[in-house]
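S.K.: My structure is below; once you've seen it, I'll send some questions.
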Amino acid sequence: MKKLAGLCLASWLAITTPNQAHARADVLALQEGYPQEYVVVKGDTLWDISGRFLTQPWRWPEIWGVNPQIDDPHWIYPGDVIYMTWVDGKPRLRIKGDNKLVPRARVTPLENPIPAIPLKDMDAFMQENVVLDDELLAETPYVLGGRNKRIIAGAGDRIYARGEMESDYKYQNIYRPLQAFHDPITDELLGYELSKIAEAYVVSTNDEDITTLELAKSQQEVRVMDRVLPAPETRIQSMFYPAPAPEETEGYILSVDGGVQKIGRFDAVAINKGRREGVKPGHVFIVYAAGEEMDDPVTGERVKLPDEEAGTLMVYKV
């Protein structure tokens, strides 16, 4: 099967799951009364700044004139002054005083440049939650129990896991399966969501694939059948190049990080489309809330109201 759900960040949402997500590619449109200049402050993102000038802030690469072949093309820092200009009849954002034709010393501020979107909102999901398909879940080592046949354990306790452990990783995370993701249309099993509950390090491994681990930190008590996975060392992508999702790609929101029903700005959600459908990090979907049903007072028939646009999603992991 090997299909994993896509993980997305909500740009602006006020909806209840499940909702339908559509790809969209409209013409570039400016905000009415956009500022002539804007001073970057700490906590800003490229998405936020572009939203002051564009009605669709996810199209920030177009207004910045980004070349996708160049990594981190914009080094924008708090205190920089952003202004709007026009190049070949198209709007462009520039940094005041940024004239590349004038030789000058390159001074690098001590603070970090602003990111495309808030990394903290992605980091929580990428570090605390994982999604595995059924084959990978079946192959993942599982907790047998603790010392003295204890079935629950916490920080400072020693536990034992069975299964083929990746020997190159001394540090492991303990995860607990939360829910199965099923496609709401086909009922296909897409994968399982796991939540991190503890951190551990490997003490020893024997010939029967039994690994001894010491719990270094725990958010919850570790139980029998919790799963053991290597601690991720992936560098979180900080620069994204938003683009419309593949044409005719439609999906549904499966869940919201934290198990809540209402979705807000910069919440992480999972959708039922992934790499198999050509979805990549940076792809943007428009989210529509399903129209309500009501009775026609004249004919008495049950009618469905039109779907309403409710927000924007950008994929950051598949």
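The values are calculated or read from the model by the stated rules, or taken from the named source; none is laboratory data. Everything numeric here is computed off the predicted structure, so don't read it as measured data. Cβ sites come from the backbone with ideal geometry, for glycine too, and all protein chains shown count toward neighbours. Remember, those area values only see protein heavy atoms, side chains included, never the ligands or the DNA or RNA. Shrake-Rupley method; radii C 1.70, N 1.55, O 1.52, S 1.80 Å.
S.K.: I'm told A216 meets every condition in (1) over 25 Å from D133 (Cβ atoms); (2) touching a helix residue (DSSP H, G or I) at 6+ places or on another chain (Cβ under 9 Å) except one. Can you identify the failing condition by its number?
M.R.: All conditions are met except number (2).
S.K.: Continuing with the same structure: Condition check: within 25 Å of the chain's Cα centre (by Cα), modelled with pLDDT under 90, over 30 Å from P115 (Cα atoms) and open to solvent by 40 Å² or more (accessible area, probe 1.4 Å). Does Q220 satisfy that? If you could, list the steps in order and put the result at the bottom.
M.R.: On the way: within 25 Å of the chain's Cα centre (by Cα): yes; modelled with pLDDT under 90: yes; over 30 Å from P115 (Cα atoms): yes; open to solvent by 40 Å² or more (accessible area, probe 1.4 Å): yes.
Spelling it out, Q220 is indeed within 25 Å of the chain's Cα centre (by Cα), modelled with pLDDT under 90, over 30 Å from P115 (Cα atoms) and open to solvent by 40 Å² or more (accessible area, probe 1.4 Å).
S.K.: If you take the residues in region 61-105 that are part of a loop (DSSP other than H, G, I, E, B) and among the aromatic types (F, W, Y), which one is modelled with the lowest pLDDT?
M.R.: If we take residues in region 61-105 being part of a loop (DSSP other than H, G, I, E, B) and among the aromatic types (F, W, Y), then W75 is modelled with the lowest pLDDT.
S.K.: Among the listed residues E166, E188, which satisfies the condition of being open to solvent by less than 70 Å² (accessible area, probe 1.4 Å) and either charged (D, E, K, R) or in contact with a helix residue (DSSP H, G or I) (Cβ under 8 Å, 6 or more places away or on another chain) (or both)? Walk me through how you get there before you give the answer.
M.R.: Values: E166 fails: open to solvent by less than 70 Å² (accessible area, probe 1.4 Å).
Being open to solvent by less than 70 Å² (accessible area, probe 1.4 Å) and either charged (D, E, K, R) or in contact with a helix residue (DSSP H, G or I) (Cβ under 8 Å, 6 or more places away or on another chain) (or both) holds for just one of E166, E188, which is E188.
S.K.: So, one more: Is it fair to say Y316 is part of a loop (DSSP other than H, G, I, E, B) and modelled with pLDDT under 90?
M.R.: No: the conditions fail for Y316.
S.K.: For region 45-60, how many residues meet the condition of being hydrophobic (A, V, I, L, M, F, W, C) and over 11 Å from I82 (Cβ atoms)?
M.R.: The qualifying residues number 4.
S.K.: Out of the residues in region 160-178 that are among the hydroxyl-bearing types (S, T, Y) and in a strand (DSSP E or B), state the one that is farthest from V202 (Cα to Cα).
M.R.: Step by step, filter region 160-178, then rank; the result is Y175.
S.K.: Among residues belonging to region 17-39 that are modelled with pLDDT under 90 and among the β-branched types (V, I, T), point out the one that is nearest to K90 (Cα to Cα).
M.R.: V27
S.K.: Which of (1) touching a Ser or Thr at 6+ places or on another chain (Cβ under 9 Å); (2) farther than 24 Å from A268 by Cβ is the odd one out, the single condition F181 does not satisfy?
M.R.: The number of the failed condition is (2).
S.K.: Being at pLDDT below 85, part of a loop (DSSP other than H, G, I, E, B) and open to solvent by less than 50 Å² (accessible area, probe 1.4 Å) is the filter here, so list the residues in region 110-142 that pass it. Show your work before the answer.
M.R.: Going residue by residue through region 110-142, those that are at pLDDT below 85 are 110-130.
The next check asks that each one be part of a loop (DSSP other than H, G, I, E, B); those that pass are 110-118.
Residues satisfying the conditions are P113, I114, P115, A116, I117, P118.
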